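This report refers to the structure that appears directly beneath it.
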Amino acid sequence: MDEPIIEALEPPKPEPKGLNIVVCIKQVPDSAQIRVHPVTNTIMRQGVPTIINPYDLFALEEALRLRDQYDGQVTVLSMGPPMAEDALRRALGLGADRAVLITDRRFAGSDTLATSFALATALGKIAEERPIDIVFTGKQTIDGDTAQVGPGIARRMGLNQLTYVSAIDSLDLGQKAIVVRRRSEGGVQVLRSRLPCLITMLEDTNTIRRGSIQDLLRAARAPVAIWSAEDAGVADPMKCGLRGSPTVVKRVFAPSPRAEKAEMVTIEGKAPAQIGDALIDLLFARDPKLEAVMTAPRP
Amino acid sequence: MSDHFDAIVVGAGPSGNACAYVMAKAGLNVLQIDRGEYPGSKNVQGAILYADALERIIPDFRDDAPLERHVIEQRFWMLSEKSHTGAQYRSDEFNEERPNRYTILRAQFDKWFSRQVRAAGAVLITETTVKDLIKDDAGRVIGVITDREGGPIYANAVVLAEGVNGIVGQRAKLRPEIKANHVALAVKETLFLPEETVRERFNLAGEEDGVVIEVLGSVSSGMVGTGFLYTNKESISIGVGCLLSDFAETKIAPYALLDKFKQHPSVAPLLKGAEMKEYVAHLIPEGGYDAIPRLTGDGWLIVGDAGQFVNAVHREGSNLAMTSGRLAAETLIQLRAEGKPVTEATLKLYRDKLADSFVMKDLKKYRKVPRLLEGNRQFFTTYPAVVNKAMQMFLRVDGVDKASKEAAMMRGVAKARGGWWGVVTDIFKMARAWR
Ligand SMILES: Cc1cc2nc3c(=O)[nH]c(=O)nc-3n(C[C@H](O)[C@H](O)[C@H](O)COP(=O)(O)OP(=O)(O)OC[C@H]3O[C@@H](n4cnc5c(N)ncnc54)[C@H](O)[C@@H]3O)c2cc1C
């Protein structure tokens, strides 16, 4: 083919407006549907449907609300096996604009330290295109329950971290500032932070929307960006996956059911004191040692 | 933004998946919509998959479809309260390279099928209910409205693969409401048992060998219905289904019926120690040929259970669903290639294909069976009871001579039906319905 005489010029892209938000989500097994093998007492993960970690949905909804109000773009980011693409597609169907999956054999076996490393690095890559204003994560996951990944990302990226946020009071794009409510021990803190920052959302703070038909059609057709470790900019393999994970899960098991059974006893009499005495007598009759311990004079 | 598709398929069960798959493979722009959280999530668990129908759509499905066991043995039981009389057929010839029937778990199977549909290029949206069809001024169906914001979505053809209730079709006044004596209500449980236990209890040598038991008699407590039991890899599917109208009339609770079946002395030992995994209830179209609604119109066509395509006598449904879905797809592909519109007239092609296939031929063959059974409950009550009584008398050694026993058995059979004439009539009726 002939060389084109006039080189094609890229029309200038419109300056992106509004907020650049990234929500980190995780695909988890639906714990409500996990079964324990009746014979081996191991946890059966096969055939268990996967869902977006429920806590992440509060983060996603909050991000979508900010975008709807201030304009901008919401990217969902996940680290996981290739099938985690399903979770990202579902997030697109809920209204997210773009999805990135970082997936690589080298990430397998990551603990929270390695996970926050990989995610923070990928976030850095995303920020190269355009600076990120807010990173959202859920409060914790239902399969790990550590609540460490969000803070881990914030620390690595040097972001202010606003954890356990129950509401966003205001946001000032010009001033690059945000005011949030945060649940803390014994009260509510109202915090003001500069942007960019990282927010972990508390549960039950909003209700995830139903995407529109257009969201769903876009989700079904839109490509999910799939990044390998290299694509994500993760250069140091010693910080990834098993090798980058000081925590090791030794064993996962269901607590064995207790042998004792609950039992109903009939007690004559209605007065509380009578019932109490009768109960204590019953307990002591069954466990004489307990009686000895409980009735021994205090030293 | 308005979207336009070559076809919209309502439903992602076997019929909708077959239809969407074949169309997408042929390059049509297909949208499939299902109300379930994921395909299969609303579909009844544990079933028999008939390989042939699927093989005509995805020839190498055995490579990765989630199959439980292939069926090497079929048992038929006539049940009375404490006994069963049975016939069984087992053949090592069923242990062939491409087995003919499999047990499957629908939730897993439908998910797999749906993945193939998407890989073929169809666009699937889930958790979305189609509420109604849109028609143009001439009454031609041109698209669908869903329960989500942002619609309608337009298409050259809407395929109603919505299952037995046919609500969308009804709402759009394309078909009447289904009748209670045209559907059976089936309840079913999946019971977990260790793999080795399943094999031991059912005498299965191969890891993937399976057994099916079909049950008639006291299992339906006088209603028109049957029970069934299938072996899966690590579980057993057991269920019972009876006419919805019978449940309504007798006020028998479906779960109580299933509980009674599970406790039957012939069944209980097979289930001992099993843990319940799932309980589902679902309707099965059983009205047969005469219950089939209008199947085509301008811009729309019906496939699968929505068309009452179930052969109740042989417990076949998913294969009729897949086959009708495939034939609908082939029709729409051909019409598009020929640049023809999708109308009642051009869809004669689909009706002809159906008429030419086993779907309509089998339904026609058993046309009279549903009405016969409904009006002749002795097939579910008297006969199984009498047969079991007779078997017992025949086998018990108690000093009575054999000739007297045989005479008593014969008299018993005749008396149960008000004389020999009754028995002969029944045989005649059955033979005629079967023809
Ligand atoms: C207990 C039981 C046991 C059975 N056993 C067997 C067996 O062993 N072998 C066999 O071959 N057949 C069996 N059948 C029959 C078989 O299940 C059906 O024939 C088959 O599933 C029909 O497929 P379908 O695609 O037409 O409908 P379905 O499988 O019912 O699928 C319909 C789909 O449409 C969706 N849908 C419905 N309405 C809407 C809407 N408005 N908007 C969006 N989505 C909608 C539903 O969510 C569903 O996914 C059994 C049925 C029952 C109930």
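All of the numbers you see were taken from the coordinates with simple rules; none came from a lab. The shown structure was predicted, so the numbers you read here are calculated from the model rather than taken from an experiment. Quick reminder, even Gly has a Cβ in these numbers, built from the backbone with ideal geometry, and neighbours come from all protein chains shown.
A simple spin-label model places pseudo-atoms 7 Å from Cα toward Cβ; at B:R115 and B:R377 they are separated by 4.8 nm. Coupling constants for the range A:254-269 follow from the phi torsions by the Karplus curve (6.51 cos²θ - 1.76 cosθ + 1.60, θ = phi - 60°), and in residue order they are 8, x, 5, x, 6, 6, 5, 10, 5, 9, 9, 10, 9, 10, 6, x Hz; glycine and proline get x. For the range B:160-233, the set of GluC sites (Glu not before Pro) satisfying both a DSSP loop assignment and a count of at most 13 other C-beta atoms within 10 Å is given as B:E177, B:E207. Only aspartates and glutamates eight or more places from A:K139 in sequence, or on another chain, were considered; those with a Cα closer than 12 Å are A:D56, A:E203, A:D204.
Which translational diffusion coefficient, to the nearest whole µm²/s, is obtained for the range A:258-299 from the Stokes-Einstein equation, given a Kirkwood hydrodynamic radius over C-alpha pairs, 10 °C and 1.306 mPa s? Let's see the in-between values first.
Values: Rh = 12.0 Å.
Calculated translational D: 132 µm²/s.
Helix B:318-337 and the longest principal axis of the Cα set of chain B meet at an angle near 20°.
Inter-label distance, B:T343 to A:E260: 8.1 nm, where each label sits 7 Å from its Cα along the C-beta direction. Enumerate the amide H contacts of B:I134 below 5 Å, restricted to partners 5 or more residues apart or on another chain; note that Pro and chain-start residues carry no placed amide H. Sorted by chain and number, the residues that satisfy this are B:I142, B:G143, B:V144, B:I145. For a paramagnetic label modelled on B:K415 (point 7 Å from Cα along Cα→Cβ), amide N atoms under 16 Å away belong, within the range B:361-388, to B:382-383, B:385-388.
For a modelled paramagnetic label at B:I145, 7 Å from Cα along Cα-to-Cβ, the residues of the range B:163-194 in reach, with backbone nitrogen under 16 Å, are B:168-174. Taken along its principal axes, the alpha carbon cloud of the protein assembly as shown reaches lengths of 103, 99, 51 Å, longest axis first.
Helix B:106-119 and the longest principal axis of the Cα set of chain B meet at an angle near 20°.
Compute the semi-axes of the equivalent ellipsoid of the range B:370-434, taking the square root of 5 times each eigenvalue of the Cα gyration tensor, and list them largest first in whole Å. All intermediate terms of the calculation are to be shown ahead of the outcome.
Working: eigenvalues 144, 28, 15 Å².
They are 27, 12, 9 Å, listed largest first.
At 37 °C and 0.692 mPa s, what whole-number value in µm²/s does Stokes-Einstein give for the translational diffusion of the range B:101-206, with Rh from the Kirkwood sum over Cα pairs?
Details: Rh = 17.9 Å.
Once the numbers are plugged in, D ends up at 183 µm²/s.
Cβ crowding within 10 Å ranks B:H84, B:H182 as B:H182, B:H84, fewest other Cβ atoms first.
Net charge in the neighbourhood of A:L159 (other residues with Cβ under 13 Å of its Cβ; Lys, Arg +1, Asp, Glu -1) is +3.
Sorted fewest first by neighbouring Cβ atoms within 10 angstrom, B:Y350, B:Y89 come out as B:Y89, B:Y350. Coordinate range of the alpha-carbon atoms in the range A:19-244 per principal axis, descending: 58, 40, 39 Å.
Please give the length that would be gained between B:Q88 and B:A403 if that part of the chain were fully extended, namely 0.36 nm times their separation in residues minus their C-alpha to C-alpha distance (nm, one decimal).
Full extension from B:Q88 to B:A403 adds 110.6 nm.
Put a dot 7 Å past the Cα of A:Y70, heading toward its Cβ, do the same for A:L9, and the two dots end up 3.5 nm apart.
With contacts taken as Cα pairs under 8 Å at a separation of at least 6 residues, the range A:19-244 carries a relative contact order of 27 percent. For chain B, the longest principal axis of the Cα atoms and the long axis of helix B:254-263 meet at an angle of about 40 degrees.
Here the range A:191-248 and the range B:406-432 have alpha carbon centers that stand 73 Å from each other. Long hydrophobic helices in chain A, taken as whole DSSP H segments with a C-alpha length of 24 Å or more on their own axis and mean Kyte-Doolittle hydropathy at least -1.0: A:54-70, A:112-129. Once the Cβ-Cβ distance of B:R367 and A:D97 is raised to the sixth power relative to R0 = 56 Å, the FRET efficiency obtained is 0.50. Over the protein assembly as shown, DSSP H runs of length four or greater, each weighted -39,500 (n - 2.57), average out per residue to a 222 nm ellipticity of -9500 deg cm²/dmol. Among the trypsin sites (Lys or Arg not before Pro) in the range B:376-409, those located in a DSSP loop and surrounded by at most 16 other Cβ atoms within 10 Å of their own Cβ are B:R396.
With a cut-off of at most 14 other beta carbons within 10 Å, and DSSP calling the residue loop, which trypsin sites (Lys or Arg not before Pro) in the range B:91-179 qualify? Please list them.
On the way: sites: B:R101, B:R106, B:K111, B:R115, B:R118, B:K131, B:K135, B:R140, B:R148, B:R171, B:K173, B:K179; in loops: B:R140, B:R148, B:K173, B:K179.
Listed in order of number, the matching sites are B:K173, B:K179.
For the range A:203-264, what does the alpha-carbon gyration tensor say about shape, rounded, prolate or oblate, given a ≥ b ≥ c as the root eigenvalues, a/c under 1.5 as rounded, and a/b over b/c as prolate?
Numbers: a/c = 3.49, a/b = 1.28, b/c = 2.72.
Oblate shape, in that a/c is at least 1.5 and b/c is the bigger or equal ratio.
In what sequence do B:W420, B:W112, B:W77 fall when counting other Cβ within 10 Å, fewest first? Walk me through the numbers before you get to the answer.
Values: B:W420 13, B:W112 20, B:W77 23.
Fewest-to-most ranking of B:W420, B:W112, B:W77: B:W420, B:W112, B:W77.
Coupling constants for the range B:124-135 follow from the phi torsions by the Karplus curve (6.51 cos²θ - 1.76 cosθ + 1.60, θ = phi - 60°), and in residue order they are 10, 10, 10, 6, 9, 9, 6, 8, 7, 9, 9, 10 Hz; glycine and proline get x.
Restricting to Cα pairs below 8 Å that are 6+ residues apart, what does the relative contact order work out to for the range B:370-434? Please round to a whole percent. Walk me through the numbers before you get to the answer.
Working: 24 pairs, mean separation 23.4, N = 65.
Dividing the mean separation by the residue count of the range B:370-434 yields 36 percent.
Apply 1/(1 + (r/R0)^6) to the Cβ-Cβ distance of B:D137 and B:Q334, taking R0 = 25 Å, and write down the FRET efficiency to the nearest 0.05. The partial results should precede the final answer.
Numbers: r = 28 Å, r/R0 = 1.10.
Step by step, r from the Cβ atoms, then E = 0.35.
Computed from the C-beta positions of B:Y154 and A:L173, the FRET efficiency with R₀ = 41 Å rounds to 0.55. Seen through its C-alpha gyration tensor, with square-root eigenvalues sorted a ≥ b ≥ c, the range A:131-177 comes out oblate because a/c lies at 1.5 or above while a/b is not bigger than b/c. Computed from phi, the 3J(HN,Hα) profile of the range B:68-76 under the Karplus parametrisation 6.51, -1.76, 1.60 (θ = phi - 60°) reads 8, 9, 9, 7, 10, 9, 10, 10, 10 Hz, with x in place of Gly and Pro.
The mean sequence distance of close C-alpha pairs (under 8 Å, at least 6 residues apart), as a share of the length of chain B, puts its relative contact order at 20 percent. Length available on full extension from B:W434 to B:A268: 0.36 nm per residue minus the Cα-Cα distance, which gives 56.4 nm.
Counting GluC sites (Glu not before Pro) as exposed when in a DSSP loop with at most 12 other beta carbons within 10 Å, what is the longest stretch of chain A free of them? Can you show the working numbers first?
On the way: sites that count: A:E7, A:E185, A:E230, A:E260, A:E263, A:E268.
That gives A:8-184 as the longest site-free run.
Beta bridges assigned by DSSP with both partners in chain B are antiparallel in approximately 70 percent of cases.
All C-alpha pair distances within the range B:136-293, sorted into 5 Å bins from zero, spread as 2, 8, 15, 15, 13, 11, 10, 9, 8, 5, 3, 1, 0 percent across the bins. Using 19 Å as the cut-off for backbone N distance, which residues of the range A:282-299 belong to the label zone defined by a point 7 Å from the Cα of A:A271 along Cα→Cβ? Residues A:282 qualify, since their backbone N sits under 19 Å from the label point.
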